Amino acid sequence: MSTVTESPSLAPALRTLYFVRFGFAIVWATLLFVTGSEIGLVSGTLLVLYPLFDVAAIVIDSRTSRGKASLALYANIAVSLAAAAGLAFAVSSGIPAVLRVWGAWAVVSGVAQLAVALVRRGMGGQWPMILSGGISTLAGTSFVLQAGAEGATLSNLAGYAAIGGVFFLVSALRLRR
């Protein structure tokens, strides 16, 4: 895969977007950790909100890229919309159903994030995104497996989001000017 050089204005825009994504992930993870012992109105709303926020962030990313966005960004938008819809139904079926939907989403969106980061690696600051995409695929698989285990909880989703947020922070700090 060849390295694509993005426009000079993309790095500052991505930096800002990555800082926002970091902040959202940390606040979201904290709220889910506090409310996620069971699925209620707040935790259920948070579960659906996260992939919708992801859609908004990816749309901003693709518009900022000014047509240079890869097919992976558009695929990630579709997958995240499907995840939000799936989670809206899964919250009424219990934690195992949520973990299955979230896990499938984490696997597919992780692959998409990995693909975008590999294309953008010439910008610098993409190794955290490459690692995050790879970890997301592994974490997604573990969520699906946890769904079948006794005492499945949502707390691992909060940890997953917090770690993902840290990867966005590190990437924002490492993007080339």
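Okay, here's what the table says:
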{"read-out": "From the options VAL119, VAL101, VAL91, VAL107, residue that is of a type in the set (A, V, I, L, M, F, W, C), under 13 Å from the mean Cα position of the chain (by Cα) and either at pLDDT below 90 or open to solvent by 20 Å² or more (accessible area, probe 1.4 Å) (or both)", "value": "VAL107"}
{"read-out": "Any hit, segment 20-37, residues being at pLDDT below 95 and among the charged types (D, E, K, R)", "value": "no"}
{"read-out": "Helices (runs of 4 or more DSSP H) contained entirely in segment 68-177, each with at least 3 residues that are among the aromatic types (Phe, Trp, Tyr)", "value": "155-174"}
{"read-out": "Answer residue from segment 37-59, given it is touching a helix residue (DSSP H, G or I) at 6+ places or on another chain (Cβ under 6 Å) and among the aliphatic types (A, V, I, L, M) and is farthest from ALA104 (Cα to Cα) among those", "value": "VAL42"}
{"read-out": "Segment 117-134 residues that are farther than 14 Å from ILE163 by Cα and touching a residue at least 12 places away in the same chain (Cβ under 8 Å), paired with ones that are in a helix (DSSP H, G or I) and of a type in the set (Val, Ile, Thr) (beta carbon under 6 Å, 6 or more apart)", "value": "ALA117/ILE130"}
{"read-out": "Of all residues making up segment 36-76, the number that are crowded, with 19+ Cβ neighbours inside 10 Å and out of contact with any Leu (no Cβ under 9 Å at 6 or more places or on another chain)", "value": "4"}
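Rundown of residues vs (1) without any contact (Cβ under 8 Å) to a residue 40 or more places away in the chain; (2) not polar (S, T, N, Q), yes/no style:
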| site | (1), (2) |
| --- | --- |
| PRO12 | no, yes |
| ARG15 | no, yes |
| TYR18 | no, yes |
| GLY23 | no, yes |
| ILE26 | no, yes |
| THR35 | yes, no |
| ILE39 | no, yes |
| VAL42 | yes, yes |
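The values are calculated or read from the model by the stated rules, or taken from the named source; none is laboratory data. From a predicted model like this one, the values you see are computed outputs, not experimental measurements. Methodologically, a virtual Cβ is constructed for each residue, glycine included, from the backbone with ideal geometry; neighbour enumeration extends over all protein chains shown. For accessibility, only protein heavy atoms count, side chains too; no ligands or nucleic acids. Shrake-Rupley method; radii C 1.70, N 1.55, O 1.52, S 1.80 Å.
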